[in-house]
Amino acid sequence: MLTHAIFDLDDTLYPQTSGLWDAIGERINLFMIDRLGLPPDEVKARRDLYFRSFGTTLKGLMRDFHVDPADYLDFAHDLPLEQFIQPDPGLDAMLAALPLRKSIFTNADVKHARRVLNRLGIAQHFDTIVDIWALNFVNKPEPEAYQILLSTLRAEASHCVFVEDSLRNLLPARAMGMTTIWISRNGTNGDVGFVVKNVGEVGPIVNDLLRGKPNG
Ligand SMILES: [Mg+2]
């Protein structure tokens, strides 16, 4: 029986074509060049290495440069959201009709999450935000992050559906027994339960599951 719907934030609750995630990436590059004095032509390779090794750039920068995470997160997310994402009444309606407890599970911080949720007009649906502070910088896809999530929600993995745009971040959830829904414009159903093009399609899938249709 599903009781909890858990959503990633960036590129999951708003379209991957919005440009917001790319703009955050540009802010991160700028942080590394302006604040840390790194040569611009080294930034991409270093970010790729950190992403592969740790799942986030922040974690690598904390290890190698002792960056202040609050300073980094404020800098990375200092963007005019209204230029990238718009209120989404369709998503608001879908969430309102979804008969599960809803939470956010993000490697970003709660400040950014609240701003995004408010801009989309959907903040009222989420009773819990498990962010990078709540995770104590144990981020997705580290399996421990999912354990922290479940203990925070006091939920069993098998009672949760997890919605994400990152396949890498879905796999640990799948392995733990969560139902997984991958938001992907061109992904195919391989290692995850369901693949959809946008978050609006989550409602019908969950309703089918609640009616007892077979798990994907
Ligand atoms: Mg994402």
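Since every read-out is calculated from the coordinates, none of them should be taken as a lab result. Keep in mind it's a predicted model, so treat the numbers as computed, not measured. Every residue, glycine as well, gets a Cβ built from its backbone with ideal geometry; the counts of neighbours run over all protein chains shown.
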Distant-in-sequence amide H partners of Lys102 (H built 1.01 Å from N, under 5 Å):
Ala5, Asp127
Obtain the nm distance between the two label points defined at Asn186 and Leu171 by a simple spin-label model: each point lies 7 Å from its Cα along the Cα-to-C-beta direction.
2.1 nm
With DSSP loop assignment and no more than 14 other C-beta atoms within 10 Å, the GluC sites (Glu not before Pro) in region 129-206 are Glu156
³J(HN,Hα), Karplus 6.51/-1.76/1.60, whole Hz, each residue of region 116-126, x for Gly, Pro:
5, 5, 5, 5, 6, x, 10, 4, 5, 7, 10
Mind listing the long-range amide H neighbours of Phe162? Cut-off is under 5 Å, sequence gap 5 or more, other chains count too, H placed in the peptide plane at 1.01 Å from N.
Ile6, Thr179, Thr180, Ile181
If you take the square roots of the eigenvalues of the alpha-carbon gyration tensor of region 20-76 and sort them as a ≥ b ≥ c, do you get rounded (a/c under 1.5), prolate (a/b over b/c) or oblate?
rounded
In whole Hz and in residue order, list the ³J(HN,Hα) couplings for region 174-188 that follow from phi through the Karplus curve 6.51 cos²θ - 1.76 cosθ + 1.60, θ = phi - 60°; x for Gly and Pro.
4, 5, 7, x, 6, 6, 10, 10, 9, 8, 8, 5, 9, x, 10
FRET efficiency for Arg115 and Met1, Cβ-Cβ distance as r, R0 = 45 Å, nearest 0.05?
0.85
To the nearest 0.05, the calculated FRET efficiency linking His66 and Thr17 through their beta-carbon distance, R0 being 30 Å, is 0.25
Over what distance in Å are the Cα centres of region 1-66 and region 67-137 separated?
15 Å
With label points set 7 Å from each Cα along the Cα-to-Cβ direction at Ala96 and Thr152, the distance between them in nm comes to 2.7 nm
Long-range alpha-carbon pairs in the chain, meaning those over 29 Å apart, account in percent for 24 percent
Reachable lysines from Lys59, criterion Cα separation under 17 angstrom, eight or more residues apart if same chain:
Lys44, Lys140
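Mean residue ellipticity at 222 nm from the helices of the chain, using -39,500 (n - 2.57) per DSSP H segment of n ≥ 4 over the full residue count, to the nearest 500 deg cm²/dmol?
Values: 9 runs with 93 residues, N = 216.
The helix-only estimate for the chain comes to -13000 deg cm²/dmol at 222 nm.
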